[in-house]
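Report on one structure; see the data block that follows.
None of the figures in this text is laboratory data; all of them are computed from the coordinates on show. Please read all numbers here as calculations on a predicted model, not as lab measurements. In this analysis, Cβ positions are derived from the backbone assuming ideal geometry, glycine residues included, and neighbour counts consider all displayed protein chains.
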């Protein structure tokens with residue numbers, strides 16, 4: 001028996017080489033027309049197409065080596081249960097110190113603007129990262145907790161952005177007044193989406209939500225008198241620090257931020273303020289999610305994700321449960337959309353395409369559905385990694401896609417797939433036993 005297990009654990013080198021060779025052949029067929037043909041001007045107005053064999057060789061070699069490595073490191077399965085991979089063992093070893101890692105990350109986020117290497121570029125990347133973290137935590141309510149696959153989440157993001165932009169321009173509302181209005185309108189649209197999909201699950205639900213997202217984008221493009229169509233809305237006012245604008249000159253009869261505190265005018269003050277603003281909004285989203293998942297509605301979401309039929313038998317109303325998940329998740333997207341509008345100062349329908357929904361959903365799935373820390377780590381991977389390899393602009397998305405494939409092969413349930421139950425039975429009994 002032990003010898004049989006040892007043979008099962010041993011890597012199959014011929015089989016791995018065969019898989020890698022077949023993958024290299026496919027890579028050669030695909031790489032030759034995509035990156036292997038270069039067009040050169042030979043003079044006289046004639047163009048010649050010549051193969052770029054160096055780039056093709058690099059791509060094929062990378063695919064062969066990567067596929068061989070994956071095949072050799074694939075965890076061998078035992079007769080009962082299977083053997084855990086080194087990724088799983090590392091995840092379990094880090095599990096006891098996850099709260100300390102989260103605290104260290106939070107402290108780093110607060111001191112990032114004051115680090116020696118911090119500049120305008122770093123702050124912009126950090127702000128963009130926090131926007132996706134907030135969106136990921138909002139979608140995690142719908143997908144990770146309630147188990148409802150939503151491919152149109154960017155529609156609520158767009159509703160929040162346009163709600164704030166229109167309220168600020170036509171009603172002259174400040175950011176702090178328009179922020180809850182944008183979240184409420186996005187929640188209303190979430191309920192409107194939830195009603196038609198109450199009986200749908202899985203792929204059918206994904207198709208309907210995808211169509212809803214495209215409907216919102218088409219409305220924004222064609223409703224020119226209100227949304228200004230594809231030209232977008234510009235001149236969106238910036239938020240102020242408790243009524244103190246970040247302007248070089250103080251308004252008549254008032255103070256600006258730097259004059260009130262006696263500081264020299266620095267344009268980066270507004271950038272740092274926006275960074276801390278989205279950081280606070282993201283932390284509120286996280287705390288709200290952690291709290292509500294312990295309440296009856298949160299436990300109902302998790303029960304709905306596991307088995308809807310069992311939920312019905314237990315007396316849980318799937319209609320209200322689904323609608324609450326859609327509404328709350330959409331509200332946080334609306335908050336993030338309003339911040340996006342005030343940060344950019346300009347929005348257009350091109351900012352709310354399907355690729356945004358796909359990115360947010362990839363953050364939730366890659367991080368581990370239901371995991372709050374996993375969303376943060378996945379957002380770092382999907383937002384910061386493309387910036388780090390910006391020098392390789394020609395192969396940027398190729399490297400990015402390959403990294404995602406490797407992660408999902410080694411960690412198919414997400415980077416942090418394990419999650420403690422929201423409520424333990426023993427703790428519930430002790431709480432019930434208290435007078």
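A straight chain from residue 170 to residue 308 at 0.36 nm per residue would run longer than the Cα-Cα distance by 45.2 nm.
Here 404, 369, 115 are placed in order of increasing Cβ neighbour count within 10 Å, fewest first, which gives 115, 404, 369.
If r is the Cβ-Cβ distance from residue 388 to residue 224 and R0 is 41 Å, what FRET efficiency results, to the nearest 0.05?
Here the calculated transfer efficiency is 0.55.
In this simple spin-label approximation, residue 255 and residue 119 carry label points 7 Å from Cα along the Cα→Cβ vector, and these lie 3.3 nm apart. A protection proxy built from the mean count of other Cβ atoms within 10 Å ranks the segments 282-288, 329-335, 221-227, 373-379, most packed first, as 329-335, 373-379, 282-288, 221-227.
Simple spin-label estimate for residue 58 and residue 268 gives 3.4 nm between the two label positions (7 Å along the Cα-to-Cβ direction from each Cα).
In this structure, residue 319 and residue 215 have a Cβ-Cβ separation that, at R0 = 25 Å, corresponds to a calculated FRET efficiency of about 0.65. Under the simplified labelling scheme, the residue 346-residue 283 pair shows an inter-label distance of 3.3 nm, with each label point 7 Å from Cα along Cα→Cβ.
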